1. What do you get for the angle between helix 2-34 and the principal long axis of the chain? Use alpha-carbon atoms, 0 to 90 degrees, nearest ten.
2. Taking only the C-alpha atoms, wrap a convex hull around region 78-151 and report its volume per residue in Å³ as a whole number.
3. Using the alpha-carbon centroid of each, what span in Å lies between region 74-91 and region 155-205?
4. Between 168, 142, 189, whose Cα lies farthest towards the positive end of the dipole of region 132-189 when Lys and Arg beta carbons carry +1 and Asp and Glu beta carbons carry -1, centred on the Cα centre?
5. With a cap of 12 neighbouring Cβ atoms within 10 Å, and only residues DSSP puts in a loop, list the trypsin sites (Lys or Arg not before Pro) found in region 133-194.
6. Please quote Rg/Rh for region 132-189 to two decimal places, taking the Kirkwood radius as Rh and restricting both calculations to Cα atoms.
7. Could you work out the relative contact order of the chain? I mean the mean sequence separation of Cα pairs under 8 Å and 6+ apart, divided by the number of residues, in percent.
8. Can you tell me the mean projection area, over all orientations, of the convex hull of region 19-121's alpha carbons? Units nm², please.
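Coordinate-derived values only; no laboratory data. This is a predicted model, so every value here is computed, not measured. Don't worry about glycine lacking a Cβ; one is built from the backbone with ideal geometry, like all the others, and counts go over all protein chains shown.
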Amino acid sequence: MRLLNLTTTLLFFTCAAFAQTAGDFYNRAVQKYKTKDYAGAAIEYTRAIEIRDDASVLYNNRGICYYQIEQYDKAIADYDKAIELDAANANAYFNKGNVLKALVRYEDALIAYDKAIELNAYDKKFYQNRGMVKLNLEDYNGSVEDFSKVLELSPSDDKALYNRGTAYIKLEEYDKAKLDFNKALKINPKYYKALINRGICLVFLDDISGAKQDFTAAVSLSPADGEGYYYRALATLNDVNLIRGEFQDKQNIQMIGENVMAKRAACSDFEKAKQFQYSPAFEASRTHCPKE
């Protein structure tokens with residue numbers, strides 16, 4: 001009997017030692033992840049898994065590390081293992097969806113996000129990412145529903161407002177889109193992407209002056225992003241076309257001068273956009289600003 005007690009005691013301390021060691025590796029992995037040493041974190045999680053190969057969380061977390069260093073096949077394998085060990089691991093399904101989205105496997109990503117939401121219907125990031133996949137699949141009404149769910153869970157989520165506004169643009173519901181961008185900018189006045197998209201709405205709502213103000217504000221907030229320059233150029237060219245349409249027969253000297261100045265400004269903006277590698281600007285520049 002004494003021998004049995006001793007064996008039990010040794011077994012207890014041995015298991016405790018193993019658990020502590022796995023915990024040590026886990027903690028090191030967490031610290032390395034925080035410093036963006038994702039490869040190093042993956043190694044620490046592997047060491048923890050060698051001790052505790054039945055812990056779903058370890059595979060899930062190592063999968064996140066592999067995702068960060070773009071080793072997507074390994075990430076998917078880890079998420080699948082995490083799900084095998086714990087079929088209720090909603091985060092593993094979500095993270096798998098993120099990898100599939102990065103691989104442009106949108107239909108597969110949608111299945112993974114659906115399962116994550118089935119397991120946990122109260123995590124806003126699940127709806128946010130599923131909404132983005134639906135945008136890419138051109139299911140704009142579906143994406144509006146997902147972003148609206150995010151806002152139901154978190155009414156001040158400026159990213160969800162921006163994303164829903166973007167979906168409304170795709171649906172050509174420009175007034176609704178503008179309202180969402182207004183709300184996003186009220187929450188985050190420096191959200192330059194929201195300024196650009198509100199400017200796009202204003203173009204379609206025939207407020208060219210307001211659109212150019214938004215594009216100019218976006219350029220001021222993010223002068224190294226070509227998108228604002230590109231859309232400001234397009235808005236300026238819209239003015240050029242209006243001038244041409246109204247005065248093409250009158251040959252008004254003053255308006256012709258404004259036409260030239262406006263076109264120069266637009267072409268200058270296209271050049272700026274090209275400088276920052278905004279790809280649509282290259283074709284627009286060739287079309288609207290041919291070299292003489």
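1. 10 degrees
2. 66 Å³
3. One Cα centre to the other: 36 Å.
4. Projecting each Cα onto the dipole axis, the largest value belongs to 189.
5. For trypsin sites (Lys or Arg not before Pro) across region 133-194 that sit outside H, G, I, E and B with at most 12 neighbouring Cβ atoms in 10 Å, the list reads 190.
6. My calculation puts Rg/Rh at 0.95.
7. This gives 7 percent for the chain.
8. Mean orientational projected area (region 19-121, Cα hull): 6.1 nm².
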